[in-house]
Amino acid sequence: MTLLDTLPGPLTSPSRRFLTLWDGWRAGSLLPRRSRLDTDALGDLLPHCVLLEIRGRDDMPIRFAGNWLRERLGGELAGTNYLDLTAPENRQRRADLLLTEVAQPCAAVIYYWVQFDTGGMMPVEVVSAPLLGDEPEAPALVLACVSPLARGDSNGDADPSSYAEGDGLLYIDIGAGLPPAIAAIGQPAGQVQ
């Protein structure tokens, strides 16, 4: 049985392609190293990708954000702290969820309803999976891919409050099990955390 055989049913085709590539980079290991990340293989997914470096609970810089994301969110994201994309009251929860994904380790899927100042909305699916740095002391990484679920109106600037918190987070077992609270309860993380 492969990772693809265990994925939640409703994932989009781009999300499945992303996880298939990530799975191939593992080359028999639980997690791939950063050097195995093949941006050429990502092809048309690359503009939809973001790479986070997990340095600590309050320090999660965005190392790369694709063109599609920069255009939709209205600016350069690389170099900013991922936690700054949420409201202050959500920072701790967002940090906990990413730290759980890295510590377990597991992949994840979550949904956002991005709204624009023009009144349009675009629902998106975000899948993510951890990577190891190339050096033993290097911080863990999380690579994510954003897939639009509809052709919503994406003109204008995105309202940051619309992507401050997502819905329906599910962790995905990559071979190391699920976080204990999630496995014990058998519910999406958004319902237990």
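The values are calculated or read from the model by the stated rules, or taken from the named source; none is laboratory data. Computed from a predicted structure; not experimentally measured. Neighbour counts are summed over all protein chains in view; Cβ atoms, including those assigned to glycine, are modelled from backbone coordinates with ideal geometry. Accessible surface areas use protein heavy atoms only, side chains included; no ligands, DNA or RNA. Shrake-Rupley method; radii C 1.70, N 1.55, O 1.52, S 1.80 Å.
For Ser13, the accessible surface of its heavy atoms amounts to roughly 80 Å² (probe 1.4 Å, protein chains only, rounded to the nearest 10). Here are some values of log10 I(q)/I(0) by the Debye sum over Cα atoms at q = 0.16, 0.18 Å⁻¹: (i) -1.24, -1.29; (ii) -1.01, -1.17; (iii) -1.04, -1.37. Which one was computed from this structure? After the calculation, the listed value that fits is (iii). In this structure the amide hydrogen of Ala78, modeled in the peptide plane, comes within under 5 Å of the amide hydrogens of Ala65, none closer than 5 places in sequence on its chain. The modelled label-to-label distance for the pair Leu4/Glu165, using points 7 Å beyond Cα in the direction of Cβ, is 3.6 nm. 3J(HN,Hα) couplings calculated from phi for segment 104-113 with the Karplus curve 6.51 cos²θ - 1.76 cosθ + 1.60 (θ = phi - 60°) are, in sequence order, 5, x, 7, 8, 8, 9, 8, 10, 10, 10 Hz; Gly and Pro show x.
Distance from the alpha carbon centroid of segment 63-85 to that of segment 114-153 works out to 10 angstrom. Along its principal axes, segment 1-44 has C-alpha extents of 30, 26, 11 angstrom, given from the largest down. For segment 171-179, the Karplus equation 6.51 cos²θ - 1.76 cosθ + 1.60, evaluated at θ = phi - 60°, returns couplings of 7, 10, 5, 10, x, 10, x, 9, x Hz by residue, with Gly and Pro reported as x.
Quick one: length gained pulling Glu71 to Leu46 fully straight, 0.36 nm per residue minus the C-alpha distance?
Between Glu71 and Leu46, full extension yields 7.6 nm more.
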